[in-house]
Each structure stands twice: as structure tokens, then as C-alpha cells.
1. Sort Thr70, Thr145, Thr136 from largest to smallest accessible area, using a 1.4 Å probe on the heavy atoms of the protein chains.
2. Please give, to one decimal in nm, the separation of the simple spin-label points placed at Asp105 and Phe58, each 7 Å out from Cα toward the Cβ.
3. At 7 Å along the Cα-to-beta-carbon direction for both Lys115 and Arg159, put a label point, then send me their distance in nm to one decimal.
Amino acid sequence: MIMEKKIVEYLQLSDEVEEDGGEAQRLELEEEFSREGRSFYEVFSLRGIRVNRVDPGFISCSFKVPLRLTDRDRNLANGAIANLVDEVGGALVQIQGLPPCVSVDMSIAFLSQAKLGEELEVTSRLLGERGRYKGTLVVVRNKRTGEVIAEGRHSLFGRQASKL
């Protein structure tokens, strides 16, 4: 239960529902970002993500494609997809009380496009760990059609919890 709470706190940055697609009027929240210990970048890129399920070695989230993260064709930008792989994959292996793990490698297959307003399912599974090295698999899919938008493998290195 503690792990679930920490993951929800890490990923669920805001209870606000974006009706406007997330245009620039949200910039005045910078004070709140620093108060929460979050960077502007984290809040900007993850605003609107919802944690649906947390199990040991598994996270499932939903995310509606906002205007602020789209390219000129109104598709979810590849950089935004890479950020989802990084953040959701990293949240899965985060250990409470230790500094965050560091991304060592990410390999992402961009298989399809997600359009503005589409609801996505983002899942992360722990592939394995050896010592302080961990690997996750993050899949981004269209919630309505089940079509896989992207699949990413994310390798991280971090500190282990003390055995004492």
C-alpha cells in the first residue's frame, strides 16, 4: 500500500482536469511546482496522467493526449512519448527514501500515432533486476482500439535499500 501511495504521488501531479488542452495559462503555477518539489518540466509533461493500478512490478496509467504535447499535425510528439517511457518506467523502480534511479538506456519503437484528445493506456512492467541495475518495459497503447503506439525498454541504475 505504501508503494502504491508513493507511485500515485509521484505520477499524479494534479487533480485538475484539463478542459482546454493545456495551453499556456498554466504557467502561473510555477510557485506551486517548487513548493511540491517538482520541476516545471515534470509538471508540464505529466499533468493529466492518472494512475489506475499499481502492483509489485507493474503500473497502469491513463493519459489523454493534450494540445501542449502535440506536434504540428496534432499527434503526440515523439519526445512526449519518450518522456512517458522515462517517467513511468522510472516510477516503477523508485525506492522510497533513496535518490531517484538514473536512466542508463532507453530504446523506443514508435509504432503508430496518437491524436490530440485520444485516451492512452501506459503500462510499465519490471523486466528484471541485477544488483542496482533494473530494466522495465513500457507500452503506450490507444485505450479505445488497443493499438500499440510505442514500446520502450528502459534501463536504470540506482541505490539499493539497506538490508538493516
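1. Heavy-atom accessible area, descending, gives Thr145, Thr70, Thr136.
2. Simple spin-label model gives 2.7 nm for this pair.
3. If labels sit at Lys115 and Arg159, their model points lie 4.8 nm apart.
The values are calculated or read from the model by the stated rules, or taken from the named source; none is laboratory data. Since the structure is predicted, the reported quantities are computational estimates derived from the model, not experimental observations. Reconstructed Cβ throughout: ideal geometry from the backbone, glycine too, with neighbour counts over all protein chains shown. The protein model used for the area step is the full one, side chains on, heavy atoms only, and it has no ligands, DNA or RNA in it. Shrake-Rupley method; radii C 1.70, N 1.55, O 1.52, S 1.80 Å.
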